[in-house]
1. Does residue 272 fit the bill of being of a type in the set (Phe, Trp, Tyr) and assigned to a strand (DSSP E or B)?
2. Going residue by residue through the range 236-252, is there one that turns out to be among the basic types (Lys, Arg), in a loop (DSSP other than H, G, I, E, B) and more than 30 Å from residue 124 (Cα to Cα)?
3. Being in contact with an Asp or Glu (Cβ under 7 Å, 6 or more places away or on another chain) and part of a strand (DSSP E or B) is the filter here; which residues of the range 222-235 pass it?
4. If I ask for residues that are under 19 Å from residue 97 (Cα atoms), among the aliphatic types (A, V, I, L, M) and either within 17 Å of the chain's Cα centre (by Cα) or in the same structural domain as residue 161 (by TED's automatic domain parsing) (or both), which ones from the range 33-51 would you list?
5. In the range 175-223, what residues are in contact with a Pro (Cβ under 7 Å, 6 or more places away or on another chain) and surrounded by 19 or more Cβ atoms within 10 Å (Cβ to Cβ)?
6. Considering only the range 121-218, give the strands (runs of 3 or more DSSP E) lying wholly within it that have at least 2 residues that are of a type in the set (Val, Ile, Thr) and in the same structural domain as residue 34 (by TED's automatic domain parsing).
7. Pull out all pairs, ordered by first then second residue, where Cβ-Cβ is under 9 Å, the residues are six or more apart or on different chains, the first lies in the range 262-273 and is under 16 Å from residue 197 (Cα atoms) and at pLDDT below 95, and the second is assigned to a strand (DSSP E or B) and not charged (D, E, K, R).
8. Any idea which residue in the range 32-77 is surrounded by the fewest Cβ atoms within 10 Å (Cβ to Cβ), counting only those that are touching a residue at least 40 places away in the same chain (Cβ under 8 Å) and among the polar types (S, T, N, Q)?
Amino acid sequence: MNRLIVVFAILVLGAACAPMDGQSFPVRYTYEKDADCPNFISFEAQDVKAGDECSWTFSDEPGKSYSGTSRVHYFPKAGSYEVTLHVRRDGKEGTHALKVGVASDSRYEKAGEHLLWADEFLGKSLDLKKWNYDLGTGQWGNNELENYTNAPANSHLEDGKLIITAIKEDDREAVGSYTSARLTTQGKVEFHRGRVEVRAKMPSGKGTWAAIWMFGRHAAPSYSELDILEYVGCDKNIIYTTVHTTATLSEWVPKSTASKVVGDVETAFHVYGMNWEDEKIEFYLDSPDNVYLTFGKPAQKGADYWPFDSDEYLILNLAVGGDWGGMRGIDNSIWPQSMEVDYVRVFQK
């Protein structure tokens, strides 16, 4: 993650880690603040051994406990909070408690938004309580060539990031000659209205087609799709955002699509954001102040023009080829290629 590292003085840290009364063995943790929003803080247990059971408690959520060697916690309000790491080892327990300071209310809190859902991609494997795998070939439209799998080679967690990787599997250039992954939150988190922020880095090369988007099955028979980001490697350093409705698919609708040059889209992480309100949907890069597309609710009535009063679910995928991704061919010297996702966060008023 792109975080501002909090540095502890060695003497202070050493004192904090010393065994306390009732503590069977010393434990410690470090933490880092997110540079984009310091109200998100990442905690990491240190010197953990195989078989240790780690959990975290936070004074802003009394009575709750979170398991795992690491945790990203959101503190919406300014204040001082006690954070305690609990480690059980061979029937004994060690704890480490520190006071963590948060300087100001988050921009989401100031806007009256709460954290509805998030995935920080910690741990060793994808959380299947949050995500589904779409599987197979030839059913995704656009004449794409990939076979979507749930194999670790095509999607795995590494260093707090989700890595979706497209791989060339044989010497042909046919449907199924490439494998990749497509993840959705269908049936697990679906919502309408709210703010979505995804911090990600794009793949490179002709033939790649990465997407961060939402689809609305509940608007049927009207069409409902919000493409927060599409990146085709053959249009290097240009990101695309599009609103798809029944109307936009059949006629030109002003301000339903936009593109933006981002010179380091393949080498640096950026926040791709969307703020979905009752009367408009804004799309922005890195900051809510950097809006590059606003789609207002059309004057025409009905779901064919505004299907966005119904829930949609999130999709992350990396396609290969297809009508758009492969419009200038496929460079078969580039594989494998990956889209890396640092986090997905959803806020709602």
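1. So residue 272 passes the test.
2. Within the range 236-252, one or more residues are among the basic types (Lys, Arg), in a loop (DSSP other than H, G, I, E, B) and more than 30 Å from residue 124 (Cα to Cα).
3. 224, 226
4. Residue satisfying the conditions is 41 alone.
5. Once the filter is applied, which keeps residues that are in contact with a Pro (Cβ under 7 Å, 6 or more places away or on another chain) and surrounded by 19 or more Cβ atoms within 10 Å (Cβ to Cβ), the range 175-223 yields 210, 216, 219.
6. Per the criteria, no element qualifies.
7. Close Cβ pairs (under 9 Å, with a partner that is assigned to a strand (DSSP E or B) and not charged (D, E, K, R)) do not exist here.
8. Out of the qualifying residues, it is 70.
The values are calculated or read from the model by the stated rules, or taken from the named source; none is laboratory data. Please read all numbers here as calculations on a predicted model, not as lab measurements. All Cβ positions, glycine included, derive from the backbone under ideal geometry; neighbour counts span all protein chains shown.
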